[in-house]
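Taking it in order: structure first as structure tokens, then the write-up.
The values are calculated or read from the model by the stated rules, or taken from the named source; none is laboratory data. Because the structure is predicted, anything quoted here is derived from the model rather than measured. With ideal geometry, Cβ positions are generated from the backbone for all residues, glycine too; neighbour counts draw on all protein chains shown.
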Amino acid sequence: MTTAITFEEAIKRLEEIVRELERSEIEIEKALTIFEEGTRLAKICAKKLSSIEKRVEILKKGEKGEDVLELFQGIDEE
């Protein structure tokens, strides 16, 4: 797997891996292989989330560097 995979694709594959590992009849070598894949996917997800978090922090800064709390466009307060 490469980082070209989307976050959503990585999460979907991680869910598949969890379901596969939960099966008791899986062979140990196969379990290890998909566990390693899951570990790589988890790292990719963490990296993507960190990048998104940094972008959001930048967007929250005002003109003078002060913190500004704004709702994203398209989200209505109830």
Looking only at the range 58-72, decide whether some residue is modelled with pLDDT of 75 or more and touching an Asp or Glu at 6+ places or on another chain (Cβ under 7 Å). no
Between residues in the range 51-78 that are in a strand (DSSP E or B) and residues that are at pLDDT 65 or above and surrounded by 10 or more Cβ atoms within 10 Å (Cβ to Cβ), which pairs lie under 9 Å by C-beta distance while being six or more apart or on different chains? 61/68; 67/60; 67/61
